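Structure below; questions to follow.
The values are calculated or read from the model by the stated rules, or taken from the named source; none is laboratory data. None of these values were measured; they are calculated from a predicted model. Virtual Cβ from ideal backbone geometry, glycine too; neighbours counted across all protein chains shown. Note: accessible area is taken over every heavy atom of the protein model, side chains too, but ligands, DNA and RNA are not part of it. Shrake-Rupley method; radii C 1.70, N 1.55, O 1.52, S 1.80 Å.
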Amino acid sequence: MPKPSSERLEEMKKIPKIDLHRHLEGSLLPETILHLAQKHHISLPADSTAELRPFVQVTEQDQTLLDFIKKFDVLALLFKNKKIIQEITYQVIQEAFEDHVCYLELRFAPTYMSGYWHLNYHDIMEGVLEGYEQAKKEFPKMMTRFILIVNRESTLKSAEEMLKLALSYRNQDIVGIDLAGDEQNYPPELFQEIFQEAARSSLFITIHAGEARGAEAVQTAVEKCKAVRIGHGVRIAGNSKIETLIRDKEVYLEVCPTSNVQTGAVQTWEEHPIRHFIAEKIPITINTDDPGVSGITLSHEYALLLDFYKIPKETLSSFYHQAVNAAFLPQTEKEKLKKRFA
Ligand SMILES: [Zn+2]
């Protein structure tokens, strides 16, 4: 993994940033995981940070999407009760705040979170929202919104349940809905009715697409599932028809450079299409995906863009403004955010 210099990291930390694609479940650092597990009497496969690290964070030995996903087997042990979910949510927002993220869209999958301890969805939602309330009081200048994830491996009935859940909490800052999981075996069209209904109900829609499957999955996500943003979408690079569609419809790609390499969405660091997207004026935003699992911060991703991809510093302000445009917020809130980046 290319390592940006500590001076560059510090410099990037000072810039106000926006993260639109971050998973609550993949955001914790190994030391925090250990601390929370001990506090809540959860046994993990290791009891020191060093030994736990390879179970919850990508290492040099991990090279595939499956290696990446495997980390979530251990992370699932954490979601034992409402209290720990509250603490996790607070911690994740705090870490973003400390990295100078001024607007965060945090996404989570209740079906995944309930998978190990069989916690009910209501307790999961309440845990997340209580952690959020606590963070709001502590960091009043930071804004956070939430996106509920429909798991691709789940049934249509369960997907419908997620939509209902999102709608029932929409006045508590649940603003959107996403589709995530095994893209290879579960293309977006399987869920098109659910997402069309979400669009009719004015929920914002983003869909993970063009990460494991090709550009046609992105087209389906936009045209059939009404996605206004695409999680990753890196596999559209070079497909001029889909690139034109994305540009014309102003659909924003949520690009997550380190994750894209770690999951194999792009084969090598050099092959990441970030510079191509900028040159072709494809609407993009820069995000972290799973900062804990990837062992990164948003400042790290920005530093990578400057130091490794040699993107000019002036471009950083355009990333901020594009992210404001792409945010799942009403115009009045967007105006406030615009003023933050002077
Ligand atoms: Zn993601």
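In nm, give the distance between the simple-model label positions of Met1 and Glu223, each being 7 Å from the Cα along the Cα-to-Cβ direction.
According to this spin-label approximation, the distance is 3.8 nm.
Sticking with this one: Would you tally the net charge around Lys13, using a Cβ to Cβ cut-off of less than 10 Å, leaving Lys13 out, and scoring K and R as +1, D and E as -1? Present the calculation step by step, with values, prior to reporting the outcome.
Numbers: positive: Arg8, Lys14, Lys17; negative: Glu10, Glu11, Glu98, Asp99.
Summing Lys/Arg as +1 and Asp/Glu as -1 gives -1.
Between segment 87-119 and segment 297-314, how far is it from one alpha carbon centroid to the other, in angstrom?
Segment 87-119 and segment 297-314 have Cα centres separated by 25 Å.
So for segment 123-227, if I pair up every lysine 8 or more residues apart or on another chain, how many of those pairs have alpha-carbons under 24 Å apart?
On the way: Lys157/Lys224; Lys157/Lys226; Lys164/Lys224; Lys164/Lys226.
Taking segment 123-227 as the scope, the lysine pair count is 4.
Additional query: Using the Karplus curve 6.51 cos²θ - 1.76 cosθ + 1.60 with θ = phi - 60°, what ³J(HN,Hα) values do you get for each residue of segment 171-176, in whole Hz, with x for Gly and Pro?
Rounded to whole hertz, the list is 7, 10, 6, 8, 10, x.
Only Lys, Arg, Asp and Glu count, each charged at its Cβ (+1, +1, -1, -1), so figure out the dipole size of segment 6-336 about its Cα centre, rounded to 20 debye.
Details: 36 positive and 49 negative charges, 148 e Å.
So the dipole magnitude of segment 6-336 works out to roughly 700 debye.
Another question, then. Where nothing but the Cβ of Lys and Arg (+1) and of Asp and Glu (-1) is charged, how large is the charge dipole of segment 148-283 around its Cα centre, in debye to the nearest 20? All intermediate terms of the calculation are to be shown ahead of the outcome.
Numbers: 15 positive and 20 negative charges, 59 e Å.
Dipole about the Cα centre, nearest 20: 280 debye.
With a Förster radius of 30 Å, plug the Cβ-Cβ distance of Ser114 and Lys14 into 1/(1 + (r/R0)^6) and report the FRET value to the nearest 0.05. Before the final figure, lay out the partial values.
Numbers: r = 39 Å, r/R0 = 1.30.
Efficiency, from the Cβ-Cβ distance: 0.15.
Take the alpha-carbon centre of segment 125-149, take the same for segment 1-52, and report the distance between them in whole Å.
So the two Cα centres are separated by 18 Å.
Using only alpha-carbon positions, what ratio does the radius of gyration of segment 73-222 give when scaled by 2.2 N^0.38 Å?
Values: Rg = 15.5 Å, N = 150, 2.2 N^0.38 = 14.8 Å.
Against the compact-globule rule of thumb, the ratio is 1.05.
Measuring with a 1.4 Å probe in the full set of protein chains, what accessible area per residue, in whole Å², belongs to segment 6-336?
On the way: 13350 Å² over 331 residues.
In whole numbers, segment 6-336 has 40 Å² accessible per residue.
Mind checking the full-extension length gain between Ser202 and Ser240? Use 0.36 nm per residue of separation minus the Cα-Cα distance, one decimal, nm. Can you show the working numbers first?
Working: separation 38, 0.36 × 38 = 13.68 nm, distance 2.99 nm.
Residue separation times 0.36 nm, minus the Cα-Cα distance, leaves 10.7 nm.
For a label point 7 angstrom out from the Cα of Thr59 toward its Cβ, which stretches of segment 264-295 have the backbone nitrogen within less than 18 Å?
292-295
Enumerate the whole-percent occupancy of each 5 Å bin, from 0 to the last occupied one, for all C-alpha pair distances of segment 190-273.
Cα pair-distance distribution for segment 190-273, in percent: 3, 16, 27, 22, 17, 9, 4, 1, 0.
Still on this structure, please answer the following. Could you work out the mean projected area of the convex hull around the alpha carbons of segment 67-112, in square nanometres to one decimal? Intermediate results must be reported in sequence, preceding the final value.
Details: hull surface 15.8 nm².
Averaging across all directions leaves 3.9 nm² for the Cα convex hull.
Which one of Val175, Asn151, Met162 has its Cα pushed farthest toward the positive end of the charge dipole of segment 151-253, where Lys and Arg give +1 and Asp and Glu give -1 at the Cβ?
Going by the Cα projections, it comes out as Val175.
Give the shape of segment 186-342 as rounded, prolate or oblate, defined through the alpha-carbon gyration tensor: a ≥ b ≥ c are the square roots of its eigenvalues, a/c under 1.5 means rounded, and otherwise the shape is prolate if a/b is larger than b/c and oblate if not.
Oblate.
With a cut-off of at most 12 other beta carbons within 10 Å, and DSSP calling the residue loop, which GluC sites (Glu not before Pro) in segment 164-258 qualify? Please list them. Walk me through the numbers on the way to the answer.
Details: sites: Glu183, Glu189, Glu193, Glu197, Glu211, Glu216, Glu223, Glu243, Glu250, Glu254; in loops: Glu183, Glu211, Glu250.
Answer in residue order: Glu250.
A follow-up question, please. Report, in debye and to the nearest 20, how large the dipole of segment 1-83 comes out about its Cα centre when Lys and Arg carry +1 and Asp and Glu carry -1 on their Cβ.
For this selection, approximately 420 debye.
Can you tell me the order of 328-341, 154-167, 296-309 when each peptide is scored by its average per-residue count of other Cβ atoms within 10 angstrom, highest first? Display every interim value, and only then the final one.
Working: 328-341: 13.2, 154-167: 16.7, 296-309: 22.1.
Highest mean packing first, the order is 296-309, 154-167, 328-341.
Which distance in nm do the two modelled labels at Glu314 and Glu335 give, with both placed 7 Å along the Cα-to-Cβ direction?
Rounded to a tenth, the inter-label distance reads 2.9 nm.
Another question about this same structure. Between Gln267 and Glu126, what is the spin-label point distance in nm, taking each point 7 Å from the Cα along the Cα→C-beta axis?
With each label point 7 Å from Cα toward Cβ, the separation is 5.2 nm.
Run the accessible area of segment 6-336 with a 1.4 Å probe and give the carbon-and-sulfur part as a rounded percent.
Numbers: 6870 of 13350 Å².
So the carbon and sulfur contribution to the accessible surface is 51 percent.
Using r as the Cβ-Cβ distance of Lys157 and Glu250, and R0 as 45 Å, what FRET efficiency do you calculate, to the nearest 0.05?
Numbers: r = 33 Å, r/R0 = 0.74.
Step by step, r from the Cβ atoms, then E = 0.85.
Quick one: compute a quarter of the convex hull surface over the Cα atoms of segment 6-336 and quote it in nm².
About 15.4 nm², averaged over all directions.
Output the relative contact order of segment 6-336, whole-number percent, from Cα pairs under 8 angstrom with separation of 6+ residues.
Numbers: 582 pairs, mean separation 66.5, N = 331.
Relative contact order comes out at 20 percent.
Quick one: which residues, 5 or more positions from Leu203 or on another chain, have an amide H under 5 Å from its amide H? H modelled 1.01 Å from N in the peptide plane, none for Pro or chain starts.
none
How much net charge surrounds Arg235 when only the other residues with a Cβ under 13 Å from the Cβ of Arg235 are counted, with Lys and Arg +1 and Asp and Glu -1?
Numbers: positive: Arg213; negative: Glu183, Glu211, Glu216, Glu243, Glu271.
Surrounding charge for Arg235 is -4.
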